[in-house]
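Everything below concerns the one structure shown next.
The values are calculated or read from the model by the stated rules, or taken from the named source; none is laboratory data. Predicted, not measured: the structure shown is a model, and the values here were computed from it. In this analysis, Cβ positions are derived from the backbone assuming ideal geometry, glycine residues included, and neighbour counts consider all displayed protein chains.
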Amino acid sequence: MTSRLARLLRAAQAVMAAASLALGHLFSGVAVAQSVAVSEEGAEAPEARSPADCPDPNEAALWERPTLTGSWLGLRTRLDASGVALGAAYTADAIGASGAGGPLRGAYVDDTDLTLTVDLDKLAGWSGAGLFIYGLGNEGIPRTSPAGATQTVSSLDVPEGWNLVEAWFQQRFWDDGLSLLVGLYNVNGEFSTIEPARLFLNAAHGMGTEFSGSGENGPSNGPDTSLAARVKVKPGGDTYVQAVVADGVPGDPNHPHGTHVRWDEGDGLLVAGEAGVVTQEANHDDEQQSKLALGGWYYTASFDVQGGALDPAVRPERARGNFGVYGLVSGKLGNPLGVDDAGLAGWVRLGLANPRFNSFADYLGAGLVYTGLLPERHDDQLGLSAANAFTGGPFRAAQRAAGEPLTAAESVVELTYRVQLATWLFVQPDFQCVIHPSAVAGLDAGWALGSRFGITL
């Protein structure tokens, strides 16, 4: 495991360095050409380059820098100033899980993220335009969910392989009052998102189970995403309204490994919308203070109706009308201990889907996150959460008729603590208890104990 992690880190660093050197030569040529053009027009000579634009021999110490690989002798800083940001991160979960009286099973699943963000305003003077590309690699030994739990205890537990998750172009207008996006798109990047919920390992806290489990292959949500078009409007203040139209079947359900961008007849469309209010921390524009949002989604294609014919030889009834709605609220709840840079945040998310088409039709999740609980550990986080996936009435009736009775819901309680060793490194012990895995009646509770660790390259 250690040798594979080392190989992955070396490979990612080599790719980043090679790409950075190539881009560095390109942008230095662009800068020289622009400087010559300005000089020919008789403009004043450019000002001396700031220290931030030059290689810095006194780069921050290893444990103080924001990334493991630093500024690449100033190259990363120059690229950022030119509008090009390269990112890489490695995250892994090592988990032991058991359930229904079964044996203990170990799992190691990982996630390598490579991103390219291009600000075309800085790079080429194209105001409001930008590009984003996101590649994702997954390896490991699944499964992490005890006794076949529906709500996977590790969000990294996906099919192995490399995927191009996002590749889109965005154009902003009127000081970001309107933005249009088109390309390969992850719906959960902007829809049904909750900032404090990102701490937890369970996949249900990324997108509610009623939404993530919908459709033939889920919505357009990594690692399987689809072509989409998104529009977002900020009418004023902290409010926003956004909508997206995407291929109704992301990826290829018959070939789960790798990237498959296809639009087959019968896929239909996924149409989703969300409106909300987001406030930011005073003096910290990148830190969210609170969020209130309402959203909904609809598939245009036909789907099998739950509770149809039990005889597999009989073709199930198909119909339209697969839709759902959700609401969420999150925010800072104060600083009970009175410690600087610390505070308590919480959230609640409720989702309802049409039980005629969805096995788990309703969802209720909630959690609390305390940042800086211990003295001198201002960036550490302690979290407690619960995720409840409720079975739909037609699905329960069909399973009961088949002699496989279900309970009302599967519930997962998670307790986790993230130790932020450096800005670029964390370790996160985690415990989860799965009550009624997959809502099967009489099935013993399962549990998962392990740890996540992450490195930002």
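Evaluated against (1) crowded, with 17+ Cβ neighbours inside 10 Å; (2) assigned to a strand (DSSP E or B); (3) aromatic (Phe, Trp, Tyr), Phe191 falls short on exactly one condition, (2).
Note on segment 198-223: residues that are of a type in the set (D, E, K, R) and more than 12 Å from the chain's Cα centre (by Cα) amount to 2. Checking Thr416, Thr371 one by one, the residue that is hydroxyl-bearing (Ser, Thr, Tyr), in contact (Cβ under 8 Å) with a residue 60 or more places away in the chain and either touching a Gly at 6+ places or on another chain (Cβ under 9 Å) or outside the structural domain of Gly450 (by TED's automatic domain parsing) (or both) is Thr416 and no other. With respect to Pro146, is the statement that it is in contact (Cβ under 8 Å) with a residue 60 or more places away in the chain and surrounded by fewer than 17 Cβ atoms within 10 Å (Cβ to Cβ) true? No. For Leu180, indicate whether it is in a strand (DSSP E or B), under 18 Å from Ala243 (Cβ atoms) and among the hydrophobic types (A, V, I, L, M, F, W, C). Taking the combined requirement at face value, the residue satisfies it. If you filter segment 387-407 down to residues that are within 17 Å of Asp362 (Cα to Cα) and part of a loop (DSSP other than H, G, I, E, B), you find that the one that is farthest from the chain's Cα centre (by Cα) is Thr407.
Of all residues in segment 367-397, those being among the hydrophobic types (A, V, I, L, M, F, W, C) and buried (at least 19 other Cβ atoms within 10 Å of the Cβ) number 5. The one condition from (1) modelled with pLDDT of 75 or more; (2) in a strand (DSSP E or B) that Asp264 does not meet is (2). Pairs meeting the criteria (first residue in segment 176-202 and at positive phi, second residue modelled with pLDDT under 95 and assigned to a loop (DSSP other than H, G, I, E, B), beta carbons under 7 Å, at least 6 apart or on different chains) are Ser192/Met207; Ser192/Gly208. For Val153, the criteria (1) closer than 24 Å to Ser451 by Cβ; (2) surrounded by fewer than 24 Cβ atoms within 10 Å (Cβ to Cβ); (3) at pLDDT below 95 hold in every case but one, which is (2).
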